[in-house]
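*Asks:* Quick one: structure below, then a few questions.
The values are calculated or read from the model by the stated rules, or taken from the named source; none is laboratory data. Everything numeric in this text was worked out from a predicted model, so none of it was measured. Here the Cβ positions follow ideal geometry from the backbone for every residue, glycine too, while neighbour counts run over all protein chains shown.
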Amino acid sequence: MENYQRLEGMVAASFTPMEANGDLKLTEIDKYADLMAKSGVTGVFVCGTTGESASLTTEERKLILTQWLKSAKGRFKVIAHVGSNCQREAIELSKHAAQSGAAAIAAIAPSFFKPSSVDELIRFFAPIAAAASNLPFYYYNMPSMTGVDLSVVQFLKEGKKRIPNLVGTKFTHNNLMEMGACLQLNGGEFEVLHGYDEILICGLALGAVAGVGSTYNYIPSVYAGIFDAMKNNDLATARSLQQKSIQVVEVIIKYGGGVRGGKAIMNLIGIDCGSCRSPLSSFTDEEYDSLKNDLKKIGFSGIQK
């Protein structure tokens, strides 16, 4: 991992633009990348939960990553999520990420046949990480989606012995005690990328310096303000901005959560991401009208449609 640098600041979990029939709309990523470059993000996290990775084919995920790398033009880092229930598919995606020029890879735990121990999780990830041994590898911990709630501290401790390029975890969990333990492990050896947007202030207070979030796509100034306020020990400002974040999250939960509701917001601000793939349903005209009203009520700006 030559010239490896730790992540800091905002990493936007990218949505996957799609046509009305569900096909990929790769041409929209150029415009999307320009928006991300202007927003001040450190990087984008491609084909994760927000990007509907579980609803994409392996070939589609390769095409999406390739386009993001092209569209980024070196203005921010592109991190490839390569996780899959199929280890061999994840290895293939990992190799592709390394060959294509991704800055790092991450993988979520398998969620159908689940590992029952840290050792099983390490054995699953080791060949995936090895397939991109020149890139930093992050364990994407999200028990609410995977049902895998194994000790992340233990994984980092034992995993580093068998996964040399393991650098940390994307910690999408509200167990802040465990998060703090990960941050303190071995004198701060591992990166902990904060995952839940609505409690970013908590992760930063514990010592995290980077976050990965879907709402960073459309309210980046709120999160940039939180990062700056926490650096300056301005808790009043940080709390106020975090409350604005919570208001937006409350709205997207009303419309089916961060993927479905968030994708609709992207459409409203001028990035044509289309609808989600089945089983997530398309937004109706009535829902769009209601969403606009809900966003206006909380002072959300930037609606173009």
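*Asks:* Is there a residue being crowded, with 22+ Cβ neighbours inside 10 Å, farther than 28 Å from N175 by Cβ and not charged (D, E, K, R) anywhere in the stretch 101-122?
*Replies:* yes
*Asks:* Still on this structure, please answer the following. How many of the residues making up the stretch 60-86 are under 10 Å from L26 (Cβ atoms), free of Cβ contacts under 8 Å to residues at least 40 places away in the same chain and in contact with a strand residue (DSSP E or B) (Cβ under 9 Å, 6 or more places away or on another chain)?
*Replies:* Adding up the residues that qualify gives 2.
*Asks:* Looking for whichever is aliphatic (A, V, I, L, M) and farther than 26 Å from S71 by Cβ here; the options are A98, A109. Which one fits?
*Replies:* After applying the criteria, what remains is A109.
*Asks:* Here is a further query. Which residue out of K62, K73 is closer than 19 Å to A13 by Cβ and modelled with pLDDT of 95 or more?
*Replies:* Testing whether each residue is closer than 19 Å to A13 by Cβ and modelled with pLDDT of 95 or more leaves just K62.
*Asks:* Now for a different question. Which members of the stretch 118-140 meet the condition of being assigned to a loop (DSSP other than H, G, I, E, B) and under 30 Å from G257 (Cα atoms)?
*Replies:* Within the stretch 118-140, just P136 meets the criteria.
*Asks:* Somewhere in the stretch 44-54, is a residue surrounded by 23 or more Cβ atoms within 10 Å (Cβ to Cβ), in contact with a Pro (Cβ under 7 Å, 6 or more places away or on another chain) and within 30 Å of I226 (Cα to Cα)?
*Replies:* no
*Asks:* Now a separate question. Can you pull out the residues in the stretch 48-92 that are of a type in the set (A, V, I, L, M, F, W, C) and assigned to a helix (DSSP H, G or I)?
*Replies:* Listed by number, the residues that qualify are A54, L63, I64, L65, W68, L69, A72, A90, I91.
*Asks:* Oh, and also: At least 1 residues that are over 26 Å from I271 (Cα atoms), among the hydrophobic types (A, V, I, L, M, F, W, C) and touching a Pro at 6+ places or on another chain (Cβ under 7 Å) in each: list the strands (runs of 3 or more DSSP E) lying fully within the stretch 141-234 that qualify.
*Replies:* Ranges flagged: 166-171.
*Asks:* Report, by residue number, each residue of the stretch 1-45 that is in contact (Cβ under 8 Å) with a residue 40 or more places away in the chain, outside any loop (DSSP other than H, G, I, E, B), within 20 Å of L193 (Cβ to Cβ) and in contact with a strand residue (DSSP E or B) (Cβ under 7 Å, 6 or more places away or on another chain).
*Replies:* Scanning the stretch 1-45 gives G9, M10, V11, A12, A13, M36, G43, F45.
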